[in-house]
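So the structure is just underneath, and the comments pick up after that.
Values in this text are rule-based calculations from the coordinates and carry no lab data. If you're wondering where the values come from, they're calculated on a predicted model, not measured in any experiment. Every residue, glycine as well, gets a Cβ built from its backbone with ideal geometry; the counts of neighbours run over all protein chains shown.
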Amino acid sequence: MNSKQRVQAALGRKPVDRVPVYMWFHPATADRLAELLEIPAAYLDQAMGNDVQQTWVNNNYAMEGIVHEKDGGSHTDFWGIKWVRQYFFNQIEVYPLKTASRQEVLAYEFPYEHIDSLLELMEPVLATSEDTFIGCDVSPCGYEMYWRLRGMQNALIETISDPELTYTMIGRCVDFSIELSERACSRFPLDWLWTGDDVASQRSMFMSPASWRTVIKPHLARLFAVGKKYNLWVAYHCCGALRPIIPDLIEIGMDVLNPIQGNSPGMDPLELKAEFGDQLAFMGGLDTQDLLPNGSVSEVCRETDRLLAGMTTNGGGYILAASHTIPPETADDNIFAMYEQAGISKEEIFDRAAVIRKHLVLSQTQDK
């Protein structure tokens, strides 16, 4: 099976040759593995055997897609948010609506004029669209986008003190994601629409489930409907303890849930599989806080096996992934052990890297 066939079959609860894999690497981890494999970091996903290819086209790209060489490097994105690099990632330094009045908040204009250039970010991904499962990431979609504009404290307080403003602004954030989605779905050969909206910490949701159902759920339903309109799987990313709203997300059309942080209350992967596995597929669940960076090779193998056995019962519905980016303190042996349990050997990874190197040398020779 090629990657597209493999992921489609797994999501459709059909037999696969091996479980699909989609890992995210911390930039330092990616650089180290790329050096080990003697390939540019841009080709790491291909060498490691990731079955999904996608990229951000919404504000998330401005957070992690614009790379500054050193800490302290900064840029201001199309939304007016200023980002500063700290420890490999860009962090928000200026929230453009943090001190704005209610009237100024309502007058804010989203960068619709840049949608075409944002969608151009998909072009490198589309080169593999024939045999790779292709996604377009339109996150952050609602609440997370709003707090990037307004500031987390303001957004949290106003969920209670001014729910009308919160509802309106989250609606406008989702409107922008819907416009991106409509254009992407009609223009590109997508396999899923990737959405996301972090609304939970590792211990609980940022707001009550009732508030979430009032100010966020109706807007997400409109966004998920775009994916359904184009007969795509709808994937949704939310870190942390979102167990109380999983039935709501299923109700409005979510097909795939990520990243399944099993150390959060109510988020044990196998328990979620038992409860929702006939309605929902999962991607994630492999612990990046303790197991991968601190566990032994045998512990990584054992937990990966346990996860695969439990999450692929009743016909599949699972993509192997970590619960976050794989941190730089994770030993190479642990990474290769995890892949080995999924049916991708270390030898296979190094062989793919050799093919990539050969291809790059040939391309450079032809260009001269």
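Go through the stretch 67-115 and count every residue that is without any contact (Cβ under 8 Å) to a residue 60 or more places away in the chain and not in a loop (DSSP other than H, G, I, E, B). The qualifying residues number 18. What are the residues in the stretch 323-335 that are of a type outside the set (S, T, N, Q), assigned to a helix (DSSP H, G or I) and buried (at least 20 other Cβ atoms within 10 Å of the Cβ), if any? Scanning the stretch 323-335 gives a single hit, Ile335. When the stretch 254-267 is filtered for residues that are crowded, with 17+ Cβ neighbours inside 10 Å, without any contact (Cβ under 8 Å) to a residue 60 or more places away in the chain and either assigned to a loop (DSSP other than H, G, I, E, B) or touching a Lys or Arg at 6+ places or on another chain (Cβ under 7 Å) (or both), the ones remaining, listed by number, are Met254, Met267. You will find that of Ala30, Ala10, Ala62, the residue that is in contact with a strand residue (DSSP E or B) (Cβ under 7 Å, 6 or more places away or on another chain), within 21 Å of Gly284 (Cβ to Cβ) and of a type in the set (A, V, I, L, M, F, W, C) is Ala10 and no other. For beta carbons closer than 7 Å, sequence separation of 6+ or different chains, a first residue in the stretch 127-138 that is in a loop (DSSP other than H, G, I, E, B) and a second that is crowded, with 24+ Cβ neighbours inside 10 Å and β-branched (Val, Ile, Thr), the qualifying pairs are Val138/Val57; Val138/Thr195. The residues of the stretch 308-322 that are assigned to a helix (DSSP H, G or I) and either more than 17 Å from Leu280 (Cα to Cα) or out of contact with any helix residue (DSSP H, G or I) (no Cβ under 6 Å at 6 or more places or on another chain) (or both), listed by number, are Leu308, Ala309, Thr313, Asn314, Gly315. When Glu347, Glu340, Glu299, Glu303 are screened for being acidic (Asp, Glu), part of a helix (DSSP H, G or I) and within 30 Å of Leu249 (Cβ to Cβ), only Glu303 passes.
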